[in-house]
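Trainee: I am attaching a structure below and will ask some questions about it afterwards.
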Amino acid sequence: QVQLVESGGGLVQPGGSLRLSCAASRIIFSSYVMGWYRQAPGKQRELVAHITFGDNTHYTDSVKGRFTISRDNAKNTVYLQMNNLKPEDTAVYYCHPWGTNFWGPGTQVTVSS
């Protein structure tokens, strides 16, 4: 069974930063496009960023210039560096290997003063 464990969330003030990590196991990690998604209360889950196995990256417009996705295939880990956080970034954040049905439990990010 594939395991995905997100970490690094927390409470941060507007303008602050967080770095999320997602450790994957029982998966050929380097073969998958990895995405970071988020789901705010009462809203649908949305794709925030994704990174290909060739390290090409893509971001939703609302986070461009503030978030950076990266991966370390040797550690089976994908990261999301989040800077200049805004209250509207508050959500549960999930990582997801494209083409699979696997999701982790998520990590809560709350941006509030």
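The values are calculated or read from the model by the stated rules, or taken from the named source; none is laboratory data. In this text the structure is predicted, and so the values were computed from the model without any measurement. Ideal geometry is used to build each Cβ from the backbone, glycine not excepted, and the neighbour counts take in all protein chains shown. Heavy atoms of the whole protein, side chains included, go into the accessibility calculation; ligands, DNA and RNA do not. Shrake-Rupley method; radii C 1.70, N 1.55, O 1.52, S 1.80 Å.
Trainee: Restricting to the range 40-77, give me the number of residues that are part of a loop (DSSP other than H, G, I, E, B) and open to solvent by less than 70 Å² (accessible area, probe 1.4 Å).
Mentor: Qualifying residue count, the range 40-77: 6.
Trainee: Considering only residues that are over 14 Å from the mean Cα position of the chain (by Cα) and part of a strand (DSSP E or B), which ones fall in the range 1-21?
Mentor: Answer for the range 1-21, where residues must be over 14 Å from the mean Cα position of the chain (by Cα) and part of a strand (DSSP E or B): Gln3, Leu11, Val12.
Trainee: I want to confirm something. Restricting to the range 23-36 and keeping residues that are part of a strand (DSSP E or B) and not hydroxyl-bearing (Ser, Thr, Tyr), which single residue is nearest to Glu88 (Cα to Cα)?
Mentor: If we take residues in the range 23-36 being part of a strand (DSSP E or B) and not hydroxyl-bearing (Ser, Thr, Tyr), then Trp36 is nearest to Glu88 (Cα to Cα).
Trainee: Hey, can you tell me all the residues within the range 18-39 that are open to solvent by 60 Å² or more (accessible area, probe 1.4 Å) and of a type outside the set (A, V, I, L, M, F, W, C)?
Mentor: Once the filter is applied, which keeps residues that are open to solvent by 60 Å² or more (accessible area, probe 1.4 Å) and of a type outside the set (A, V, I, L, M, F, W, C), the range 18-39 yields Arg19, Arg26, Ser31, Tyr32, Gln39.
Trainee: Is it true that some residue in the range 37-49 is hydroxyl-bearing (Ser, Thr, Tyr), modelled with pLDDT of 95 or more and farther than 22 Å from Glu88 by Cα?
Mentor: Looking through the range 37-49, none of the residues is hydroxyl-bearing (Ser, Thr, Tyr), modelled with pLDDT of 95 or more and farther than 22 Å from Glu88 by Cα.
Trainee: Give the residues of the range 88-98 that are part of a strand (DSSP E or B) and either among the hydroxyl-bearing types (Ser, Thr, Tyr) or in contact with a Ser or Thr (Cβ under 6 Å, 6 or more places away or on another chain) (or both), sorted by residue number.
Mentor: Tyr93, Tyr94
Trainee: Please enumerate the residues belonging to the range 28-66 that are touching a Leu at 6+ places or on another chain (Cβ under 8 Å) and touching a residue at least 24 places away in the same chain (Cβ under 8 Å).
Mentor: Gly35, Trp36, Tyr37, Val48, Ala49, listed by residue number.
Trainee: Where residues in the range 1-36 are of a type in the set (Ser, Thr, Tyr) and modelled with pLDDT of 95 or more, which of them is farthest from Val78 (Cα to Cα)?
Mentor: My answer is Ser17.
Trainee: Out of Leu80, Leu85, report the one residue that is closer than 20 Å to Leu11 by Cβ, assigned to a loop (DSSP other than H, G, I, E, B), open to solvent by less than 70 Å² (accessible area, probe 1.4 Å) and not basic (Lys, Arg).
Mentor: Leu85
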